[in-house]
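One structure below.
Bear in mind that the values in this text are calculations on the coordinates, not laboratory data. Remember, predicted model here, so these are calculated numbers, not experimental data. Cβ placement follows ideal geometry from the backbone for every residue including glycine, while neighbour counts extend to all protein chains displayed.
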Amino acid sequence: MRVLESICIIAAVLVLAACTASGERRAGVVPPYASGDRITDEAIRADFESIETLQSRLARLNRAGAVPTSNYHWSKAQCWLDMARHNYHENDRSGIVESTLEQSAGLIRALETGAMPAGETPLVSGSVRLRDDLWDKAAGFKRHSQFACVAAQVACFEVQLVWMGHEYQEGGWRHANPYIGIAEQMSARIERDIEACKPVPALAPVAAVPAPVAPALINERLVLSADALFGFDKSGRDEMLPEGRTKLDEFAARVKQLARVERISLVGYADRLGSREHNLALSTARAKTVRDHLVALGVAPEVIQFEGRGAANPVVMCRDQPMATLKACLQPNRRVEIDLAGSVLR
């Protein structure tokens with residue numbers, strides 16, 4: 001019996017050592033490589049206050065009309081801030097929160113003072129450069145003649161490249177793969193959108209032939225609360241709620257009235273409750289269900305793009321509080337955004 005107990009103890013020690021060496025990180029667990037000055041109550045409180053303050057300054061820039069959300073530097077500041085917020089809530093005390101907040105603060109300060117913001121995207125806090133092909137695509141997007149159409153997306157794409165390198169540095173390929181997948185989706189969407197932004201060559205007028213009625217281009221956004229579309233943590237088509245079905249039925253009827261539909265983009269979002277992987281899968285499933293419902297109503301499937309972004313781009317920030325109150329506070333972040341690009345006859 002003593003021999004058996006000794007074997008069990010040795011096996012447990014070996015398993016624990018293997019888990020520690022693998023670098024896998026669980027939410028709420030302080031990484032073993034975190035420096036002592038990053039795990040104090042004062043440092044944690046300071047990070048939270050910095051996130052709140054920077055978010056308010058970004059919102060103020062936009063509300064004042066000085067900087068639109070389509071601005072490359074404004075969007076990059078927001079995405080650095082999103083990365084900081086995610087890692088803060090995962091209790092990552094390796095220094096990544098502090099580094100990403102510093103990047104966001106520098107861009108915000110430049111926008112507030114009218115200075116020229118930094119254009120490079122540094123590998124912060126030991127992040128590793130992965131996938132040169134994706135980095136090359138980011139550089140190509142910035143040189144493209146239609147870069148202005150996708151500037152905000154490219155800014156967040158570059159931050160995502162740094163983010164996936166940080167996850168690799170912490171846990172290797174297995175840990176980084178979901179973030180690489182997100183970067184690949186972002187790159188594909190930018191390629192589609194930049195192609196759609198190309199100007200249409202003007203046709204030479206034909207003598208004695210009346211000019212055709214030119215269609216008026218439209219770009220519309222519909223934001224649907226996920227709570228109106230589905231029950232909590234639900235995503236199936238048979239789980240859709242009546243209010244959400246009605247709004248999608250009205251949207252499909254609107255689409256069918258257009259002379260031409262260029263594209264319909266569906267982006268699902270979740271709140272920060274739950275793991276990052278779960279929220280990404282849930283937001284993607286909800287966007288796909290909306291897509292399937294629109295197709296069933298007669299909308300052409302080839303014009304619809306869909307993706308999920310988990311808890312990224314939150315609309316509201318909520319302090320930690322009792323769960324029922326916190327869920328209600330975070331409700332605006334659970335949503336599906338629908339962007340419609342098309343044309344109607346004048």
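Taking the radius of gyration and the Kirkwood hydrodynamic radius from Cα positions alone, what is the Rg/Rh ratio for segment 42-196, to two decimal places?
Result for segment 42-196 is an Rg/Rh of 0.96.
Of the listed pairs LYS142/LYS198; LYS247/LYS288; LYS137/LYS288, which have alpha-carbon separations greater than 19 Å here?
Pairs exceeding 19 Å: LYS137/LYS288.
May I ask you to list the trypsin sites (Lys or Arg not before Pro) in segment 105-199 that are in a DSSP loop and have at most 15 other Cβ atoms within 10 Å of their Cβ?
ARG129
Among the chymotrypsin sites (Phe, Trp or Tyr not before Pro) in segment 232-284, which ones are in a DSSP loop with at most 10 other Cβ atoms within 10 Å of the Cβ? Mind listing them?
Sites meeting the loop and neighbour criteria: PHE232.
Segment 301-336: which trypsin sites (Lys or Arg not before Pro) are DSSP loop and have at most 10 other beta-carbon atoms within 10 angstrom? Kindly include the intermediate steps, with their values, before the conclusion.
Working: sites: ARG309, ARG319, LYS327, ARG334, ARG335; in loops: ARG309, ARG319, ARG334.
Passing sites in segment 301-336 are ARG319.
In nm, give the distance between the simple-model label positions of ARG319 and ARG60, each being 7 Å from the Cα along the Cα-to-Cβ direction.
1.9 nm
R0 = 25 Å: FRET efficiency of GLU102 with ALA148, Cβ-based, nearest 0.05?
Numbers: r = 27 Å, r/R0 = 1.10.
Rounded to the nearest 0.05, the efficiency is 0.35.
With 10 angstrom as the radius, rank PHE230, PHE141 by how many other C-beta atoms surround their C-beta, starting from the fewest.
Fewest-to-most ranking of PHE230, PHE141: PHE141, PHE230.
Give me the extension gain from ASP292 to SER70: residue separation times 0.36 nm, minus the current Cα-Cα distance, reported in nm with one decimal.
Difference between extended and current length: 77.0 nm.
Run the reach check for LYS327 against aspartates and glutamates, Cα to Cα strictly under 17 Å, same-chain hits fewer than 8 apart removed. What comes back?
Hits, sequence-local ones excluded: ASP227, ASP233, ASP271.
Provide the gained length on full extension for the span ASP238 to ASP339, in nm with one decimal, where the gain is 0.36 nm per separating residue minus the Cα-Cα distance.
Extending this stretch completely gives an extra 34.0 nm.
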